[in-house]
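Written below as structure tokens is the structure these notes are about.
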Amino acid sequence: MSVPAVEPPYIRGETWDELLRTWEALDVPEGWKAEIIEGYIIVRPAPSKPHTYIASKLHRRLLPVLPEGWDVYQNVDVRIPLRSGVFQPDLVVLPEALMLDGTPETQAGDAALVVEVTSRGNAGRDRVEKLAGYARAGVPLYLLVDRVASQGPVITLFGEPRSGVYRTLWTGKFGDPIPLPDPFEHAIDSSDFPAG
Amino acid sequence: MSAAATDFPALQPDDWPELVRNWEELDVPPGYRAEIIDGKSITLTPPPSLDHAAIASLLHRQLVKRLPEEYETFQNIGVAASGQKRVYIPDLVVALRDQVCGPERRIEADEAELIVEITSPSNANHDRINKAAVYAAGGVPLYLLVDALGAAGPMVTLFGSPVSGVYRTLASVKFGEPVLVPEPLGLELDTSSFPS
């Protein structure tokens with residue numbers, strides 16, 4: 001079992017609720033996003049065009065391989081209370097029924113798959129804090145499309161979260177088909193992903 | 001410790017002005033600090049602990065009493081190292097009174113005479129390494145680090161004489177011992193009441 005070296009500043013109870021309320025009330029600049037990452041509120045600009053291009057291609061390629069009753073969404077904030085987090089993944093696969101359940105919030109733990117595409121400026125968080133957060137939430141699959149990795153773009157599929165730590169299921173380069181396991185059971189084309 | 005420990009992003013003049021403008025205009029929730037720590041996004045930090053606030057207040061009072069008349073002491077003003085795409089809000093800033101004026105919320109790093117940072121559990125390494133490198137490279141003559149969390153026990157370290165982005169250690173004392181701050185500020189700081 002892996003325990004983080006420093007526990008996040010807010011884990012549960014009163015201060016988590018206060019942080020959530022502050023995040024909800026925040027007046028975010030036009031087009032920007034606000035996430036909570038390990039107890040801090042991070043306000044960042046809209047992603048770049050190549051980033052958006054990749055997310056959109058993945059969105060389209062996931063649609064035909066979704067299990068019955070699930071859909072893929074953008075712009076959904078998912079909560080990870082145990083890691084003091086509210087993330088907005090580039091893509092998230094959730095049960096359709098959840099979107100109609102009448103509650104305003106979504107728990108990361110209900111997702112079947114989350115996808116993050118890196119850009120300069122958020123790569124570190126996607127690789128470290130979000131990796132830890134999604135694993136802690138028990139999201140079965142985390143697809144990290146790292147456009148800005150120093151050794152060249154790399155795609156990593158993480159899965160089988162145990163005690164807040166993922167196993168690396170597969171890594172590949174842009175151009176390699178991404179082998180999504182159960183419940184998708186399909187390889188996703190990455191040959192048109194722009195680098196850097 | 002060297003500046004190489006910190007990664008300064010390549011200058012992209014097109015996004016820095018927009019980022020700083022958003023920082024200036026952000027409606028910051030009461031008690032939170034808004035900083036640009038990665039050159040790409042704004043990080044909002046929740047209010048620190050009471051121990052943290054107590055140390056800041058003790059130092060503030062001493063500085064007000066002991067500084068030469070032409071200096072002013074601030075909590076909650078921004079310090080920008082524009083060349084490094086950082087804007088921090090240090091725990092305390094000492095500057096010549098006539099340098100601190102105008103409608104904006106920040107001064108440039110080389111307009112500060114002394115900066116004080118007090119470590120918190122979630123950001124101690126950031127204060128010790130990243131901020132020290134930025135302040136040194138930005139030309140801040142004196143950097144006082146109040147660190148209750150280091151391996152050597154609660155310590156106060158005064159850094160100065162920055163050369164090529166690296167400070168020299170001028171003094172390093174345990175809580176309880178005095179710290180001599182050299183000219184032109186020319187005063188002694190008392191650390192005997194610091195909670196640890």
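The values are calculated or read from the model by the stated rules, or taken from the named source; none is laboratory data. Note that the structure is a prediction, hence the values are computed from the model and not measured. Note: ideal-geometry Cβ built from the backbone for every residue, glycine included; neighbour counts use all protein chains shown.
Restricting A:Leu141, A:Leu100 to residues that are surrounded by 15 or more Cβ atoms within 10 Å (Cβ to Cβ) and of a type outside the set (S, T, N, Q) narrows the list to A:Leu141. Do we have any residue at all in the range B:75-84 that's crowded, with 19+ Cβ neighbours inside 10 Å, assigned to a loop (DSSP other than H, G, I, E, B), touching a helix residue (DSSP H, G or I) at 6+ places or on another chain (Cβ under 9 Å) and modelled with pLDDT under 95? Looking for residues that are crowded, with 19+ Cβ neighbours inside 10 Å, assigned to a loop (DSSP other than H, G, I, E, B), touching a helix residue (DSSP H, G or I) at 6+ places or on another chain (Cβ under 9 Å) and modelled with pLDDT under 95, one finds none in the range B:75-84, hence no. Looking across A:Glu30, A:Glu24, one residue alone is part of a helix (DSSP H, G or I), within 11 Å of chain B (Cβ to nearest Cβ), on the phi < 0 side of the Ramachandran plot and free of Cβ contacts under 8 Å to residues at least 12 places away in the same chain. It is A:Glu24. The numbered conditions (1) surrounded by 17 or more Cβ atoms within 10 Å (Cβ to Cβ); (2) within 15 Å of B:Tyr167 (Cα to Cα) are all true for B:Ile129 except (1). Taking the criterion of being in a helix (DSSP H, G or I), among the aliphatic types (A, V, I, L, M) and either within 22 Å of A:Gly124 (Cβ to Cβ) or more than 16 Å from the chain's Cα centre (by Cα) (or both), the residues of the range A:41-84 that qualify are A:Ile54, A:Ala55, A:Leu58, A:Leu63, A:Val65, A:Leu82. Being in contact (Cβ under 8 Å) with a residue 24 or more places away in the chain, more than 14 Å from chain B (Cβ to nearest Cβ), closer than 22 Å to A:Gly164 by Cα and not acidic (Asp, Glu) narrows it down to one residue among A:Tyr134, A:Tyr73; which is it? Among A:Tyr134, A:Tyr73, only A:Tyr134 is in contact (Cβ under 8 Å) with a residue 24 or more places away in the chain, more than 14 Å from chain B (Cβ to nearest Cβ), closer than 22 Å to A:Gly164 by Cα and not acidic (Asp, Glu). Candidates are the residues of the range B:149-170 that are out of contact with any Phe, Trp or Tyr (no Cβ under 9 Å at 6 or more places or on another chain) and of a type in the set (Gly, Ala, Ser); the one that is surrounded by the most Cβ atoms within 10 Å (Cβ to Cβ) is B:Gly165.
Of all residues in the range B:14-55, those satisfying the criterion of being within 10 Å of another protein chain (Cβ to nearest Cβ), surrounded by 14 or more Cβ atoms within 10 Å (Cβ to Cβ) and among the small types (Gly, Ala, Ser) are B:Ala34, B:Gly39, B:Ser41.
Of all residues in the range B:145-156, exactly one satisfies the criterion of being in a strand (DSSP E or B) and in contact (Cβ under 8 Å) with a residue 40 or more places away in the chain, namely B:Val146.
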